[in-house]
Every structure is written in C-alpha cells, then in structure tokens.
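The values are calculated or read from the model by the stated rules, or taken from the named source; none is laboratory data. In this text, all values refer to a predicted model and were calculated from it rather than measured experimentally. Here the Cβ positions follow ideal geometry from the backbone for every residue, glycine too, while neighbour counts run over all protein chains shown. To get the accessible areas, we keep the full protein, side chains included, count just its heavy atoms, and leave off ligands, DNA and RNA. Shrake-Rupley method; radii C 1.70, N 1.55, O 1.52, S 1.80 Å.
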Number of protein chains: 2
Amino acid sequence: MTTTATATKQFMTSDQLLEDWQGHRNLTRRVIESFPEKELFEFSVGGMRPFAKLATELISIAGPALKGIVEGNMEAYSEEAFNPKTKEEILNKWDEETEVINQYFGQITEERFQETFNLFGQYEFPVYQNILYFIDNEIHHRGQGYVYLRALNIEPPFFWERF
Amino acid sequence: MTTTATATKQFMTSDQLLEDWQGHRNLTRRVIESFPEKELFEFSVGGMRPFAKLATELISIAGPALKGIVEGNMEAYSEEAFNPKTKEEILNKWDEETEVINQYFGQITEERFQETFNLFGQYEFPVYQNILYFIDNEIHHRGQGYVYLRALNIEPPFFWERF
C-alpha cells in the first residue's frame, strides 16, 4: 500500500454498495423461489448442503452481523435461531432481513468501514472487508444453487436481473 | 438516491477494491489448479460449461474490459481470441491478465468510476458497476466450479484464503 494520492481514490459510496447488495439479495430471493418445495430442502450435488441450508446460512449472517457491528457485539455466529420448514418461511425471513440490513447499514459511518472489528468474536477484519465477505459468500452459494437448478432441469433467473 | 451527506460516504477506496479483486483471482486460480487436466476441459453438471470454458470467459472479460474503459474502446466482447488446450495455458494467461488488470485499473480516476460507459458496446452502466459485475461474475462461476470439484470428490480450496 502506498501513501500517494491514488491510495485515497474512492471506488464507490456506501449507498452504492447497499444498492448493489440489495440487488444481489433480490436475485438470491428469486433463486430460492425457483426451487420446488421438496428439492429446496432435500436436493444437492456432490454431498453439499441443500439450498435451504445455504439460504439459512446467508440469513444468519447479514442482518445479525451488521447489528453486531453497529452495537459492538461480538457474540458468536449461530444458525440455530432460525430453522425453517417451508419455502415461505425462508422468503418471509429473507424480506424481514432486507429491512434489518437497511436499518443497520445506514448507521455505519465512513470511518467505521475502515476500522477493524472482531465479527462474531472470530473474524477480525476492517468492517468494509467483512461486509464484502457477506456479499461474496452469498454470490458464491447462489452460484452453487444455479448448478442445483440446472441439475434439476430448471432454468435459473438471469444473473444480471437484480431489481 | 438522496442528496444528504449519507449519499457521499465512501465505502472503500479503489486500492482496496483492487486488492480484494486480486485476492478473488488468486482463489479462482487455485480452483483452476484443483481440476485434473481432463476434467477441467470435459466435466460439468446439468449440461453446463466445463470449468475451462468458464475460466476462459473470465479471462476474456476483466483485462480486455478495463483496457476498453481506459481507452474508450467499445469493441464487442469476444472469447475467440483465446482458445486454450491445456491447464498450463489457462494459468499462464491468468497470470498475464493479473498484470493487465493492475496496469489499467490504476489509470481509472475517481470521477471515471462514476461515469457511464457502454462496455463492449453493449453494457451501458457506471464504470464502478461494470467492475463489480466482473468480480461478481467470477465469484458466481467459481462457486459453480466448487460444485464440480465436490461432484468429482475433490476438496476445493478454502473460500476465505485469498493470498
């Protein structure tokens, strides 16, 4: 890392990041919807987790993590609080978390994005890196969901349709 | 989009974005390496493209797109210029593109990231959105590569190891 002017060029604003993230979340929601009820909970490839489990992981990270960042709470990560049995439960929780994300993300200051935080008492990185990780992890698992859908002979939603 | 102060909060600098991207590219390189030679070019799930084809797509986007952005060239996207027959060819080209990305990315100004550009004469979006799309597309396809590896009973690299 240099100390020249280039080091401080802004790539994007926090509003732009949030809009991009919620666009990704809309697409992931459509992927959840694309699965038949049974396959959402049971189907997978190569011994991996079914997409309902992957979606539960995503739901257990984003909102709770942002809340932890804003409140300075380093409580451990847990998927046990949410144990859905139906697609509708997952989609309803997904939509609730959309609001949680908007609420807490907006409270993070520009300075805070650059500060290190020990997320879930385990992941000690600058806040912006933790947030990028949530989004990357979602794209990663959603890409896996695309393979499940293709293996089920179901056409996935277009990758570029976000809103 | 509002005009309040929150709209101009910086999420991350361009150096941080580039470091994150090259970290992703290191991981994708390890995924390419993880495939046996034959399976890299032939194996897939659900009628999708083999990972060599997905890697070729990624190689055909990032460097050429940044070059197009910097030079204002809207020439159409093409995968035809690169038609690898071996894993080594793909890895060598991957490493060449690492330098191309560093070279051109560094020439994009803060103002330019916010300007609209008609990438490949087809994708008219702000430059920062185009760049996010390249990275997201890479994570998306790499996640698919993870499923291929699992289906081949090969342990993929850790998602969080980037350097």
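Here are the numbers:
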read-out: Failed condition for B:Thr98, given (1) closer than 28 Å to A:Tyr133 by Cα; (2) within 13 Å of chain A (Cβ to nearest Cβ); value: (2)
read-out: Count of region A:84-135 residues which are of a type in the set (S, T, N, Q) and either modelled with pLDDT under 95 or assigned to a helix (DSSP H, G or I) (or both); value: 9
read-out: Failed criterion for A:Glu42 (all others in (1) without any contact (Cβ under 8 Å) to a residue 24 or more places away in the chain; (2) of a type outside the set (A, V, I, L, M); (3) under 16 Å from A:His141 (Cβ atoms) hold); value: (3)
read-out: Complete set of residues in region A:81-115 that are of a type in the set (Gly, Ala, Ser) and within 14 Å of A:Ser60 (Cβ to Cβ); value: A:Ala81
read-out: Region B:41-53, residues that are open to solvent by 40 Å² or more (accessible area, probe 1.4 Å), within 17 Å of the chain's Cα centre (by Cα) and either within 13 Å of another protein chain (Cβ to nearest Cβ) or hydrophobic (A, V, I, L, M, F, W, C) (or both); value: B:Arg49
read-out: Members of region B:107-129 that are in contact with a Leu (Cβ under 8 Å, 6 or more places away or on another chain) and open to solvent by 10 Å² or more (accessible area, probe 1.4 Å); value: B:Phe125
read-out: Residue under evaluation A:Val45, criteria (1) modelled with pLDDT of 95 or more; (2) in a helix (DSSP H, G or I), criterion not met; value: (2)
read-out: A:Asn153 vs. criteria under 30 Å from B:Tyr148 (Cα atoms), within 12 Å of chain B (Cβ to nearest Cβ) and open to solvent by 70 Å² or more (accessible area, probe 1.4 Å); value: yes
read-out: Only listed residue being without any contact (Cβ under 8 Å) to a residue 40 or more places away in the chain and either more than 10 Å from chain B (Cβ to nearest Cβ) or open to solvent by less than 10 Å² (accessible area, probe 1.4 Å) (or both), chosen from A:Thr56, A:Thr28; value: A:Thr56
read-out: Enumeration of residues in region A:131-150 that are open to solvent by 10 Å² or more (accessible area, probe 1.4 Å), more than 10 Å from the chain's Cα centre (by Cα) and touching a residue at least 40 places away in the same chain (Cβ under 8 Å); value: A:Tyr146
read-out: Filter result (out of contact with any Leu (no Cβ under 6 Å at 6 or more places or on another chain), over 29 Å from A:Phe51 (Cβ atoms) and either at pLDDT 95 or above or among the charged types (D, E, K, R) (or both)) within region A:1-32; value: A:Lys9, A:Gln10, A:Met12, A:Thr13, A:Ser14, A:Asp15
read-out: Hits in region A:133-147 (condition: more than 17 Å from B:Thr28 (Cα to Cα) and within 8 Å of another protein chain (Cβ to nearest Cβ)); value: A:Tyr146, A:Val147
